[in-house]
């Protein structure tokens, strides 16, 4: 009997998790049961993925750069990566703005709904923390993100996943330095990181064996903590606008894969689907990064020289789904609260959302921090921020799950584009978790 593919196992786990979550909502003790006896498996799974994210970035980036032989190749890959990421982000923001201006989702929100949302969420600690974090980022200056990229303590940077960009900078610095000392002297350290890279990728394979059970746990927990169904329904038109935009971005990626990369778009979707499903379940492109790298390298055929740079950088600066959401959310809030936007304001949204995405953390909820920064850029009254965020807070988690799928898909697409342009897109080379098991059994 043919073994069921991983993406089908994960999809079955997600569907069963949703059904189980809805069943648990029907009984008074259900949410507590999920919290105490089901949620733990998903939490451990995410912690395991985060555990290996930093070692994987460090090992794969250093290996990828030190294997280049020619340092000019690195600058070529880096420039192509940044330009392509900026281009896809601008496309995402533009799609969001076009849809929200055509569909006008904010015009259908009643005063009663606004009042109820404000009463329910305006004083929420989550809303207040997002406003405080956005204020802190804005006060730190426009180029502070460049300063924050450079670590002053490499070990400290490796101890915090939110400092991933600092780890990338350190790994690039170390990889280039390995290139410059010559192959003979670099060989011992290269072999160390080559071996570490193989070990961490094997850890990814082992962790993925538990993915179907973990996504069951994660989705069940999302359902039982989803909040007031009536408020979710009131925001259906807004959520539908965001999701429609995200679907259009998937269409854009598939077009790029088919027309530019010359690969079958549906084959691409099939191969990257486990990473997409995990992105949906975890709402974190950083937590999904180890799986994204494994799928892109082994199942799609992108050379490690490219994937080791493009994907970690993408997980921290490429936020296509989140940027599209910023555009829709900013204009939706303005429509619902009768705050008039000029054409210049909408251009400001494009620029601010683009810049904010570069410094955004690849973790759940970072999009709302970006949104406050975008709203500030168009002169939205600061005293109305709690009301503005309360308007969209009810559906932020499910939309966060959806836009993280787009972020991860965008990273994979750009890695294929860059690999194609530098001649580093080859054939898939899949390694099962038990490939070397017979040697140690």
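Observations
- For segment 170-228, a residue qualifies if it is in contact (Cβ under 8 Å) with a residue 60 or more places away in the chain, assigned to a loop (DSSP other than H, G, I, E, B) and on the phi < 0 side of the Ramachandran plot, and the qualifying residues are 209, 210, 225, 226, 228.
- Segment 378-398 - residue that is over 24 Å from the mean Cα position of the chain (by Cα) and part of a helix (DSSP H, G or I) and, of those, surrounded by the most Cβ atoms within 10 Å (Cβ to Cβ): 385
- Tally of residues being surrounded by 24 or more Cβ atoms within 10 Å (Cβ to Cβ) and on the phi > 0 side of the Ramachandran plot across segment 245-299: 1
- Test: residue in segment 19-38 that is assigned to a helix (DSSP H, G or I) and within 22 Å of the chain's Cα centre (by Cα): no
- Within segment 232-244, considering residues that are at pLDDT 90 or above and surrounded by fewer than 21 Cβ atoms within 10 Å (Cβ to Cβ), the one nearest to residue 110 (Cα to Cα): 240
- Which numbered condition residue 433 fails, given (1) out of contact with any helix residue (DSSP H, G or I) (no Cβ under 6 Å at 6 or more places or on another chain); (2) assigned to a loop (DSSP other than H, G, I, E, B); (3) at pLDDT below 80: (1)
- Residue check for residue 155: loosely packed, with under 15 Cβ neighbours inside 10 Å, at pLDDT 85 or above and more than 22 Å from residue 406 (Cα to Cα): yes
- Test: residue 330 is closer than 30 Å to residue 195 by Cβ and surrounded by 24 or more Cβ atoms within 10 Å (Cβ to Cβ): no
- The selection criterion, being part of a helix (DSSP H, G or I) and modelled with pLDDT of 90 or more, does not hold for residue 78.
- The single residue among 3, 47, 9 that is over 30 Å from residue 352 (Cβ atoms) and in a loop (DSSP other than H, G, I, E, B) turns out to be 3.
- Selection of segment 164-174 for residues being in contact with a helix residue (DSSP H, G or I) (Cβ under 7 Å, 6 or more places away or on another chain) and at pLDDT 85 or above yields 166, 167, 168, 169, 170, 171, 172, 174.
- Any hit, segment 35-53, residues being modelled with pLDDT of 85 or more, surrounded by 13 or more Cβ atoms within 10 Å (Cβ to Cβ) and within 30 Å of residue 181 (Cα to Cα): yes
- Subset of segment 10-27 (residues that are under 20 Å from residue 272 (Cβ atoms) and either touching a helix residue (DSSP H, G or I) at 6+ places or on another chain (Cβ under 7 Å) or surrounded by 20 or more Cβ atoms within 10 Å (Cβ to Cβ) (or both)): 10, 11, 12, 13, 14
The values are calculated or read from the model by the stated rules, or taken from the named source; none is laboratory data. Model, not experiment: these values are computed from the prediction. In this analysis, Cβ positions are derived from the backbone assuming ideal geometry, glycine residues included, and neighbour counts consider all displayed protein chains.
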